[in-house]
Structures are given as C-alpha cells and as structure tokens.
Amino acid sequence: MGLIHETDFGTPARHGAPVTLEIDGRAVTVPAGTSVMRAAAEMGTAIPKLCATDSVEAFGSCRLCLVEIDGRKGTPASCTTPVEPGMKVKTQTPRLASLRRNVMELYISDHPLDCLTCAANGDCELQDMAGAVGLRDVRYGFDGANHLDRPTDVSNPYFAFDASKCILCSRCVRACEEVQGTFALTVDGRGFASAISAGQAESFLASDCVSCGACVQACPTATLTEKAVIEQGQPEHDVITTCAYCGVGCTFKAEMKGNDVIRMVPWKDGKANHGHSCVKGRFAFGYSTHKDRATKPMIRARIADPWREVTWDEAIGHAASEFRRIQASHGKGAVGGITSSRCTNEETYLVQKLVRAAFGNNNVDTCARVCHSPTGYGLKTAFGTSAGTQDFDSVDESDVVLVIGANPTDGHPVFASRMKKRLRDGAKLIVIDPRRIDLVRTPHVAAQHHLQLRPGTNVAVVNALAHVIVTEGLVDEAFVAERCDTPSFTRWRAFVAEARHAPEATGEITGVPAAEMRAAARLYATGGRAAIYYGLGVTEHSQGSTMVMGMANLAMATGNLGQRGAGVSPLRGQNNVQGACDMGSFPHEFTGYRHVSDTATRKLFENAWNVAIDHEPGLRIPNMLDAAVAGGFKGLYIQGEDIAQSDPNTQHVTAGLAAMECVIVQDIFLNETAKYAHVFLPGSSFLEKDGTFTNAERRIGRVRKAMPPLAGLADWEVTVLLAKALGYDMDYAHPGEIMDEIARLTPGFAGVSYAKLDAMGSVQWPCNDAAPDGTPIMHIDGFARGKGLFTLTDYIPTEERVGPRYPLILTTGRILSQYNVGQQTRRTANVVWHEEDVLEIHPHDAEERGIRDGDRVALRSRVGETSLHARISDRMQPGVVYTTFHFAETGANVVTTEHSDWATNCPEYKVTAVDVRLVNGLSDWQLRFQTEAAE
Ligand code: SF4
Ligand code: SF4
Ligand code: SF4
Ligand code: FES
C-alpha cells in the first residue's frame, strides 16, 4: 500500500497539431502550444519547478525551470516556452544546475527550517526541489529581513494558511481564478512586502472564499494545508472513489491512514471534475464517522415504544415476518419499497428487484419522484431517452449557455466553475430564474439576459421564446426537416405562433419585459452553439414535464442537439438520481425505462429472476401515502431516504407513515422518517461499500470501499438478507456481480462491467456493442426514438394562487455548503457557513410587514406553518420569498402543498402561496418537533 503517484505535468494540456522536438537528445511529439516543461514531463523528464502546476496556466515567476535551447540566448523558463518543431532542449547542464541552486538558496533563506515537524514533511514541493537541485547549504544565513513571523490564519474550518511558509508562487491565486472562478485571493503589496491576501485583507472565512480547496491543492508548500493533515499526519494509502453528494459525480482519492479518511483529494483523471471539487466533496466527509451514526439494528412494536437493539438476524427476521403477515391479511399490494438516489446503482437495483420479485408487486418508487421524474418523462417523450444529452466537457464548446431554474454555483459547484470558465472565455449567458442567482453577476461573468420570471410561469416563458424563434424566421429548417417528426413540428409551429404566446401578450403573466424576452430568444437561436442546463426550478412544478418538453422543442427547433456545445442537460440533484431512475426504481418501469406491461421485457426479467412479475404498474410514493391514510397500505421499506423531511406537506407524509403497521428505515442516521419506523436497519456510507453511481451526464463511476461498514454490512448485503428472509433467494458475492446482471438485462448497460470501469475510470451509457466506450453526446445521427417529437405545451397556471390570505409566493432551493435534508452536512463544520434556514425577502415586502433583517417571521401556507429568521435581499423580486430545506427544525416542507406535476406527481415545491409576518416564537409544529427531539 502507499499513495498513488500522480504526475504533475507543470502546465495544462493543449490540443494543437503534433509538433516534434528533441529534449536531452530524445525525440518527443506533443500538441502545438504545449510547454517545453510539459513535453519533457510527458517523456518522463521532470524539470525542477515551483510556480508551475498543470491545473493552472504558467506564470514564470520562480525561475527554477530554466532550460537551454540550441540557438537561443540565455536560459528560458520551460513552463512559459512553447514547443517548436525541431527545437533542441537541454534540461540538465552545469550552468542550469548552478542557477537552480541559487534560486533555491534564496527561497530557503526565507523559509522556516522546521521540515521535521512540518505537517507537509514528505509532501512538500519546496523540500523536493531543494533535494532535486542538490542544495546543501544556504550562504546568506537566516538573519536578514524575512517573513518568518507572518501569522497563520485558521479561520477556515478545514484548512490553515501559514503565511510564514509562503513562497509567493501565486499558484493559489491562479487556482482560485482559473479553476474555481471565485477570485477570492490576490497578491497584496509590492516587492518584499508582497503577501497573499484573501479578499480585502480579510480572513479566509470572512472573504468571498467558498472553501473549494483548489488553492490548498495547488500550494506547493505547507502554507495552505488541510487541518486534518496538521492534526493527524500524512495519509498512507488511498482509494479512488466517487463523491456521494451532488449529481456532478466528482472522482476523488480518499487518502487514508488505517481506516480513517485524512483528506479527500479530487482526482485529476476524474472525467467529471478534472481534479476540482467543492467544499462538500472535499471537506464535508466527517459525517461518515460522526458519533450520531446509528450502527445497531433496532426494532419496536409501536412507534411510541423505545427502540430495542437486536442482532441483524432478529431485525431482518422480524421485518420479513411483519411484511408476510401484512400481505397475508391485507393483500400482496399492501407493502412497497422506496429506493434511494444516495445509494449505489447496485443497491437500488436490488431494492426494486426485492419489491418486484419478493414482495410480488410493483410498488417501488424513488426519491427522484420528487425531483427529476419530469425529466425522465419529458426527455423520453421528445428524444426517446430519459437523460441529458451532453457530457460536461461539452460546455467548453458552447457559444450560448441558457440556465433555467438551476443555481449551479450552489447546487453543482464544480460544473459551475467549468461553465464560468467558458463564460469568461467568451460564451454568452442567459439566466431564467425568479431569483438573481450568483451566476447572473459574479467576478468576470455577467449574464446578457436575466429573465426574472414569476414562479410558476416557466411554460409561458418557453412558449414566448419559441414564438419569437418561429415568427422571426429563426428555426433551423434543415435540422427539423431531417431529424424531427414533421406533423408534430407543423402543429407546434402553428401553436407557438399564435398571438397569445407573443412576449408582449405574456409579459403580464411572466413578469418578463417583452424586449428582454425577444433579445434572449434571438441570442439562443442565432448565437452559435447553444446549450440548455436546467434544474429543479424546471421540474418541481405542476407543469414540470410540460416545461421539459418545451425546452426540448426549443433545442430541436434551433438544431441545438446532437453536437458538442449544444443540448438539453438536467443538473441532477443527488449523486445517483440518474442511476436510481436508470435502475428501474419507478413503479411502471424496469431498468432502462422499459414498461412493466411490455410482455417481452417482463419475460426477460421473469426468466432471469425465476419469478412471475405483475404486469400492472405499482404505486408511486404519494399514492402509497394516500393509500396508507385510507387504510389499505401497511408496510414500507425505505432505503436511504428521509421522506418525512424531504417530501411535501410533511403532515400528510407523517400521517401516512403513522398509519402503517411496519415501516422499515435503512439509513446511516436515525432520520426524521425513523421516528415513524418499527424496524431500523443501519446503513453504510459511500466510504464503506463497493458499487457505482451515475452522474448527471450518464457517467457511471466506481464507488470503492475505503473502510469496513460501521454496522458490519453494506446496504446491498442487507437487501439480500431481507430477500432471503422473505423466501426469495439472491446470491451475489460482490456488487460487481449485480452489475453483471444489470448489464445482461439492460441494453444500454450491456457493455458495462467493473473491469471496464477499472480500465476506463468511468463510462457514459449507452455502453454496448454499438458504443463500447460509451456515449458522451447523444442523438448525433438521429434521436433514440427515431424522429424528435414536438409536443404542444399549453401554459396552465398552477392551482396554487396568491390572494389576500396568502399574498406571497414561496420558492425553495439549496445552498452551497449544505446538502438536501442536511443529515450529512449538518454534522460537519459546513455549518459555519449556513447554520439555519433563513427566509429571503425583498426589501419592499419586508418593509410593508415591519420586518427587519434577522427578525423571526412566521411562514404560513394553507397546509401548515413554521417560523425562521428573515434575510432582506434584493436577489428576490417583490412578492416572492425563498428558503432552503436543510434543517429539520425549520421544516420548510411543513408549508409546501400536495400540488404536483400532472404527468409524474413530482411535487410543486417551487410555488407555494404563503403569508409572512413578524412573530416572537416557534410555530406549534416546531414546538412539537422540539419536544419529540428532546424525548
Ligand atoms: S478555497 Fe477555493 S475559493 Fe477559497 S481561496 Fe481557495 S481556491 Fe479560492
Ligand atoms: S500560499 Fe502556497 S500557493 Fe499561494 S503563493 Fe504561497 S506558497 Fe504559493
Ligand atoms: S460538485 Fe458535487 S460531486 Fe463534486 S465535490 Fe461538490 S458535491 Fe461532490
Ligand atoms: S516553474 Fe517555471 S518559472 Fe516557476
């Protein structure tokens, strides 16, 4: 064991035409634009360096990387010298050795000589370079003016900044600018007084720093160091795995010491993140060993009883006998299961198999129901595949980026950094969002158009954009004629051309000025390659599926599909939302989105699983809860999902749970739903098991076990035991065998295996004989369904209306440092950035109600009431308030309603009519919550 060595090529890769040169007498061929330093590194020759690293552009300040080039005077810096054909380079000569030693001598004369006790000892490039250049003594002594008394900033909870060790290479500054795009760091002062500064000479915590860690990773010395390394020492071995937070799916090296994770280092070869990360994936892993982890199986007869710790055998045996008892008295359909987008593909697959094969019904659903089910429905209808069309890298070739109902800098930060880089390089940006999200104006990025629509009017906006495209002759006629279904296009063209869809006619509804709408439509249609990225601000509406189809219409009409830089891509919320949907978690579909009523598909699964499968779709989550309240649904197995906090109308959810006779919760913490459970099965974190996650770009990445499961079993093993206890045999020695079964039964996964994933790192489905290395861009030669289908998208206002009693619209979302229901991130130091949910309210609305910043306010809808502190913000438009749902004690979903998408039942989280007023204390619901928590 040991740490995997990653080569630092010194400067970023280039993609020009091949150029051949000679380095130290050996020929090497690299793309034009490559630096001499990188060319040397690619042939295995490491030129000493300090200020260069391959994640940022070369700066040429340290003068350590000097080389000699035939025919050139002096000793140019190899990091800033591009290769030329026929160039002859020498990297090792007596003159270079002497020059490099002199440079190092100067650096070391102003550096603490505490290597033996330094946290970076053994992992310090300054130390390595002193060795590499053969520095043996420092002639200048250490008594002159120096920077050794500069203080250490420990304000960031995860890393320290020890200014006394800084060599001013500016790698951190460039990483913050180029990789992260936050521009939080500068070099302050001049000459000898120069120093790295966060913000306006602020602490890291007080500055604009978002704690992504890119600067820490780029720093060649111990100046920027993870506190975990300072406290626990250098890691000893590592495991390559995939982040378990958001749908970007970043690849990490979990760097370990024994069974302890010391740090998570983003993996340079990770194809979704290319060595970058955000604060959650890099730093917020402490929850996995938090003292609150529930690690013992428990049962109880009634939810009012205390839990009783039991063995795995007893818990599983009890759960199985309860489910069989319920089915014997209430029918086969009285039980069901919920799969989790936080669990692996293999675990999700097993839960739906358990339901269909062992429960004997199709009552399986997933938390994607409440986020991206409209994506599945809408994109499948239009294109034939329920997934985004592009890989993330594609954005590098976009000329126009259209972000709708998504907040990438908070929800999908690593992709946001990528997007910002492309925007800084010249792409144009259109944002459609009720709030002024950060992307609208952030350092060196400004949206050309921000269509600040009223919540709930997405479809009216997309129709208005389409109206402009159709009536101003901006349709890509050739694309439509060749690639799309003509009758549906003809109907759609006539439909959107109707005067009622004109921006001037819909401005009253949408709140977007007509001229702005027209300009945005023209830019999208004529600005070059245009890509749509969207989030839950599209799907979580009563017309979520309609809006997805509306965006698909827009992309087809303008020919923005089937090529790099274009497309329609959902930014998936949780790490494995795409995978959970792919794995047959919906009540009507097997893996690969094939309907349970399709006889051939059903036979395939029946033969493989050796069991008869119901041909009728089962119940969705809301239907299960309704049926429970009505008395006909009695048992639910929930893996890795906290529906009592995440699903809308909390009171209805908990009433449904409370009405059941056996609720089995499998999770890493005793979550809110577990309050209604009769059996608790301790779950395993992503660090404790093998498997795969599928990210928002259909990329299947390996999750690898870094430590043993704290409760003794991985989640997939528990499902296997439960199936066996129910009398249905499942037999797998390793999750790789589950993936083999998925591949045998799912055409789009036919070529996927752990061996392939180990060899390729990750692969994007479809991956089969037709695409053995996967499919980065879909629908290149034709749509999966044949011809692209246009659907008429009539705007139908939500039934949730504002009025005198509930005059404001509440819309909800996420924040960077927290994640969904907060079970994980609330148990990390991320709370320093966001320790409670707050209500953002426009200054006018606040003033009308006498609300000042920080006041506690009641938030009341027709279904419930909670309270939280107000934050006055002009990011909001008048009439609209906003909050997050990360804290159970706020209970944002106490106020959200039962309205949902007409096609998929995805809840309408984004539009709730509310009243906001000053209040002194907690709501009744919160007081009950507090009492229960104390008990
Ligand atoms: S942690 Fe990220 S945002 Fe903060 S200073 Fe470093 S690179 Fe910039
Ligand atoms: S903090 Fe590190 S990366 Fe930044 S200038 Fe100093 S030594 Fe270089
Ligand atoms: S962007 Fe998403 S996947 Fe990447 S590190 Fe952050 S939370 Fe994890
Ligand atoms: S590494 Fe080239 S000048 Fe510093």
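Please give the per residue volume of the convex hull enclosing the alpha carbon atoms of region 587-626, rounded to a whole number of Å³.
Values: hull volume 2.9 nm³, N = 40.
Convex hull volume per residue, Cα atoms: 73 Å³.
Return the lysines within reach of residue 421: Cα separation strictly under 20 angstrom, same-chain partners fewer than 8 residues apart disregarded; answer none if there are no such residues.
By straight Cα distance, residue 421 reaches 268, 271.
May I ask you to evaluate 6.51 cos²θ - 1.76 cosθ + 1.60, the Karplus curve with θ = phi - 60°, for each residue of region 675-687 and list the ³J(HN,Hα) values in order in whole Hz, giving x for glycine and proline?
4, 10, 9, 10, 10, 10, 10, x, x, 10, 7, 4, 7
How long is the gain from residue 758 to residue 15 if the chain were fully straight, where each residue apart is worth 0.36 nm and the alpha carbon distance is subtracted?
Values: separation 743, 0.36 × 743 = 267.48 nm, distance 2.57 nm.
So the chain would gain 264.9 nm between residue 758 and residue 15.
Can you give the net charge of the other residues whose Cβ lies under 9 Å from the Cβ of residue 287, counting K and R as +1 and D and E as -1?
Every neighbour counted, the sum reads +2.
Please sort 343-350, 192-199 by packing, taking for each peptide the average over its residues of neighbouring beta carbons within 10 angstrom, highest first. Walk me through the numbers on the way to the answer.
Working: 343-350: 30.8, 192-199: 15.9.
Packing order, densest peptide first, comes out as 343-350, 192-199.
Keeping all protein chains in the complex and leaving out DNA, RNA and ligands, what accessible area do you get for residue 59 with a 1.4 Å probe, in Å² to the nearest 10?
Per-residue accessible area (residue 59): approximately 110 Å².
How many Å² of accessible area per residue for the chain, probe 1.4 Å?
Accessible surface, normalised per residue, equals 35 Å².
First select every other residue whose beta carbon is under 10 angstrom from the beta carbon of residue 312; then total the charges, Lys and Arg +1, Asp and Glu -1. Write down the numbers at each step before the final one.
Details: positive: 296; negative: 313, 314, 717.
Neighbour charge sum, excluding residue 312 itself: -2.
Compute the FRET efficiency between residue 234 and residue 930 as 1/(1 + (r/R0)^6), taking r as their Cβ-Cβ distance and R0 = 41 Å, and round to the nearest 0.05.
Values: r = 44 Å, r/R0 = 1.07.
Once rounded, the FRET efficiency stands at 0.40.
Considering only DSSP beta bridges where both residues belong to the chain, give the percentage that are antiparallel (nearest 5). Could you put the intermediate results ahead of the total?
Numbers: 64 of 108 bridges.
If we restrict to bridges inside the chain, about 60 percent are antiparallel.
Can you bin every Cα-Cα distance in the chain into 10 Å intervals starting at zero and give me the percent of pairs per bin, rounded to whole numbers?
Taking every Cα pair in the chain, the percentages come to 2, 12, 20, 24, 20, 13, 6, 2, 0, 0.
Where the eigenvalues come from the Cα gyration tensor of region 1-103, what are the semi-axes √(5λ) of the equivalent ellipsoid, largest first, in whole Å?
On the way: eigenvalues 73, 67, 34 Å².
Each semi-axis is the square root of five times an eigenvalue, giving 19, 18, 13 Å.
Using a probe of 1.4 angstrom, how much of the accessible area of region 307-440 is carbon and sulfur, in percent?
Values: 1460 of 3110 Å².
About 47 percent, which is the carbon plus sulfur part of the accessible surface.
Quote the relative contact order of the chain in percent (integer), defining contacts as alpha-carbon pairs under 8 Å separated by 6+ residues. Let's see the in-between values first.
Numbers: 2169 pairs, mean separation 118.7, N = 935.
In percent, rounded to a whole number, it is 13.
Return the calculated 222 nm mean residue ellipticity for the chain, to the nearest 500 deg cm²/dmol, obtained by summing -39500 (n - 2.57) across DSSP H runs with n ≥ 4 and dividing by the residue count. Write down the numbers at each step before the final one.
Values: 29 runs with 264 residues, N = 935.
Only helices count here, giving -8000 deg cm²/dmol.
Using a 1.4 Å probe on the protein heavy atoms, what percent of the accessible area of region 191-295 belongs to carbon and sulfur? Walk me through the numbers on the way to the answer.
Details: 1700 of 3370 Å².
After summing per-atom areas, the C and S share lands at 51 percent.
Dividing the convex hull volume of the alpha carbon atoms of region 793-935 by its residue count, what do you get in Å³ per residue? If you can, show how the numbers build up before the last one.
On the way: hull volume 19.6 nm³, N = 143.
In region 793-935, the Cα convex hull volume per residue is 137 Å³.
Could you rank the peptides 114-126, 375-387, 809-821 by their average count of other C-beta atoms within 10 Å per residue, with the highest value first? Please report the intermediate quantities before stating the final value.
Details: 114-126: 16.2, 375-387: 24.5, 809-821: 22.9.
The packing order, highest mean first, is 375-387, 809-821, 114-126.
How do the peptides 894-904, 239-249, 849-859 rank, highest first, by the average count of neighbouring beta carbon atoms within 10 Å per residue?
Numbers: 894-904: 21.6, 239-249: 26.6, 849-859: 16.6.
Most protected by this proxy first, the peptides run 239-249, 894-904, 849-859.
When only alpha-carbon atoms count, how far does region 91-173 stretch along each of its three principal axes, as whole angstroms with the largest first?
Each principal axis gives a Cα extent; for region 91-173 these are 46, 28, 26 Å.
Net charge near residue 79: determine it from the other residues with C-beta under 9 Å of the C-beta of residue 79, scoring Lys and Arg +1 and Asp and Glu -1. Write out the running numbers ahead of the final one.
Details: positive: 38, 49; negative: none.
Cβ neighbours under 9 Å give a net charge of +2.
Multiplying the sequence separation of residue 599 and residue 500 by 0.36 nm and subtracting their Cα-Cα distance, what value in nm do you get? Let's see the in-between values first.
Numbers: separation 99, 0.36 × 99 = 35.64 nm, distance 4.42 nm.
Full-extension gain reported as 31.2 nm.
Please report the antiparallel percentage of the DSSP beta bridges confined to region 767-911, to the nearest 5.
Numbers: 9 of 18 bridges.
Within region 767-911, antiparallel bridges account for around 50 percent of the total.
Taking the alpha-carbon set of region 537-641, what are its Rg and Dmax in Å?
When restricted to Cα atoms, region 537-641 yields Rg and Dmax of 17.7, 52 Å.
Taking a point 7 angstrom from the Cα of residue 874 along the C-beta vector, which residues in region 414-453 have backbone N less than 15 Å away?
436-437, 441
For region 692-802, build the charge dipole from Cβ charges (+1 Lys, Arg; -1 Asp, Glu) around the Cα centre, then report which of 798, 723, 701 sits farthest towards its positive end.
In region 692-802, that residue is 701.
So which GluC sites (Glu not before Pro) in region 451-482 end up in coil per DSSP with only 15 or fewer other C-beta atoms within 10 Å? Don't skip to the end; give the middle numbers.
Working: sites: 472, 477, 482; in loops: 472.
Sites meeting the loop and neighbour criteria: 472.
Pulled fully out, how much extra length does the chain show between residue 474 and residue 26, if you take 0.36 nm times their separation in residues and subtract their Cα-Cα distance? Mind dumping the intermediate values first?
Numbers: separation 448, 0.36 × 448 = 161.28 nm, distance 5.48 nm.
Between residue 474 and residue 26, full extension yields an extra 155.8 nm.
Binned at 10 Å from 0, what are the whole-percent values of the Cα-Cα distance distribution for region 391-454, short to long?
Over region 391-454, the share of Cα pairs per 10 Å bin runs 24, 61, 15, 0 percent.
With N set to the number of residues, divide the alpha-carbon radius of gyration of region 233-354 by 2.2 N^0.38 Å and report two decimals.
Details: Rg = 19.7 Å, N = 122, 2.2 N^0.38 = 13.7 Å.
This ratio for region 233-354 stands at 1.44.
Taking the Cα centre as origin and putting +1 on Lys and Arg beta-carbons and -1 on Asp and Glu beta-carbons, what dipole magnitude results for region 397-521, to the nearest 20 debye? The partial results should precede the final answer.
Values: 15 positive and 15 negative charges, 94 e Å.
The dipole magnitude comes to about 460 debye.
Would you mind checking 420/787; 291/756; 420/910 for any pair whose Cα atoms are more than 30 angstrom apart? Mind showing how you got there, number by number?
On the way: 420/787 34 Å; 291/756 37 Å; 420/910 26 Å.
Listed pairs above 30 Å: 420/787; 291/756.
Given all pairs of different Cα atoms, what value in angstroms does the Kirkwood hydrodynamic radius of region 123-238 take?
Working: mean 1/r = 0.0654 Å⁻¹.
It works out to 15.3 Å.
Given a Förster distance of 35 angstrom, what is the FRET efficiency for residue 303 paired with residue 606, based on the Cβ-Cβ distance and rounded to 0.05? If you can, show how the numbers build up before the last one.
Values: r = 37 Å, r/R0 = 1.05.
Efficiency, rounded to the nearest 0.05: 0.40.
In square nanometres and to one decimal, what's the mean projected area of the convex hull around the Cα atoms of region 471-510?
Working: hull surface 13.1 nm².
One quarter of the hull surface, i.e. the mean projection, equals 3.3 nm².
Tally up the carbon and sulfur contribution to the accessible surface of region 857-935 as a whole percent, 1.4 Å probe, everything protein left in place. If you can, show how the numbers build up before the last one.
On the way: 1430 of 2940 Å².
Looking at region 857-935 in its full context, I get 49 percent from C and S.
The values are calculated or read from the model by the stated rules, or taken from the named source; none is laboratory data. Values in this document were obtained by computation on a predicted structure and should not be read as measured data. Note that each Cβ is placed from the backbone with ideal geometry, even for glycine, and that neighbours are counted across all protein chains shown. Quick note on the areas: whole protein, heavy atoms, side chains included, nothing else; ligands and nucleic acids left out. Shrake-Rupley method; radii C 1.70, N 1.55, O 1.52, S 1.80 Å.
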